[in-house]
Amino acid sequence: AAGSDLTVDYGTAVELRGRLTDAQGVGVADRSVAVVVRAAAGIGRAPERRRVVSDRAGRFALRLPPGSSRRVIVAFHGGGGFAPVRARSLALRVRAGVSLTASPRRLDTGESVTLTGSVRPGPARIPSRGKLVTVQYLERASGRWRPALVVRTGARGRFKARYRFRYITGAARIRLRATALPEAGWPYASGSSAPVTVTVHGG
């Protein structure tokens, strides 16, 4: 449908499906439908232009391989007694691919955990200043992820940071994740790693 949006995880292939019909809603067979795929900002690539042909019921489909965020425009230019159809547009947003590991997984209050991870650029390039990443912890009371620290990756998308746990008494299981934030020229939506859990023992 016009103005539709779809958000998928990094590395996900998507199948675009549609149907070409006449004014009475009857499928129009054997007609060429134009599909233009425009890469998001940050991908130095010309728009990809494809054509698909409707089947006997007017249906058509096109598989879009894994990649960065894109805008997909579908149009029927008319012919054979049919007028052109206004182009329909789909915003395909892809979440950034991020990984995170923590070591050690068990520590005492006042000790530091080493956090390492990476952001997968896919067809994009890591920004010259590095990709912005925030490490977050899950706040149990609210069920929300809160920022703990902010880092930038190196040129290859890797990052490493240390975080010291203070003011913890008893034993606490703390869930952490890394999130790659949206930035100008970065062709991915916000994406997070799988959570890791560390156990901190207080005095």
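Of note:
- Residue list for region 1-23, restricted to those being of a type in the set (Asp, Glu) and either part of a strand (DSSP E or B) or closer than 17 Å to Ala75 by Cα (or both): Asp5, Glu15, Asp22
- In this structure, Arg140 does not satisfy being over 15 Å from Lys160 (Cβ atoms), modelled with pLDDT under 95, open to solvent by 50 Å² or more (accessible area, probe 1.4 Å) and within 18 Å of the chain's Cα centre (by Cα).
- Criterion (out of contact with any Phe, Trp or Tyr (no Cβ under 6 Å at 6 or more places or on another chain) and at pLDDT below 95) met by exactly one of Ala172, Ala180: Ala172
- Pick from region 164-203, criterion assigned to a strand (DSSP E or B) and among the polar types (S, T, N, Q), ranking: nearest to the chain's Cα centre (by Cα): Ser192
- Checked across region 61-75, the condition of being at pLDDT below 95, more than 16 Å from Thr12 (Cα to Cα) and not hydrophobic (A, V, I, L, M, F, W, C) holds for no residue.
- Within region 6-23, the set of residues being under 30 Å from Pro182 (Cα atoms), surrounded by fewer than 17 Cβ atoms within 10 Å (Cβ to Cβ) and not small (Gly, Ala, Ser) comprises Leu6, Thr7, Val8, Asp9, Thr12, Glu15, Arg17.
- Scan of region 178-203 for residues that are surrounded by fewer than 20 Cβ atoms within 10 Å (Cβ to Cβ) and more than 17 Å from Ile126 (Cα to Cα), ordered by number: Ala194, Pro195, Val196, Thr197, Thr199, His201, Gly202, Gly203
- From the list Tyr167, Tyr163, the one residue that fits, being open to solvent by 20 Å² or more (accessible area, probe 1.4 Å), touching a Leu at 6+ places or on another chain (Cβ under 9 Å), at pLDDT below 95 and not hydrophobic (A, V, I, L, M, F, W, C), is Tyr163.
The values are calculated or read from the model by the stated rules, or taken from the named source; none is laboratory data. This one's a predicted model, so the numbers in the text were calculated from it and none came from an experiment. Glycine also receives a Cβ, built like all others from the backbone with ideal geometry; neighbour counts cover every protein chain displayed. Please note that ligands, DNA and RNA were not included when accessible areas were found on the heavy atoms of the full protein model with its side chains. Shrake-Rupley method; radii C 1.70, N 1.55, O 1.52, S 1.80 Å.
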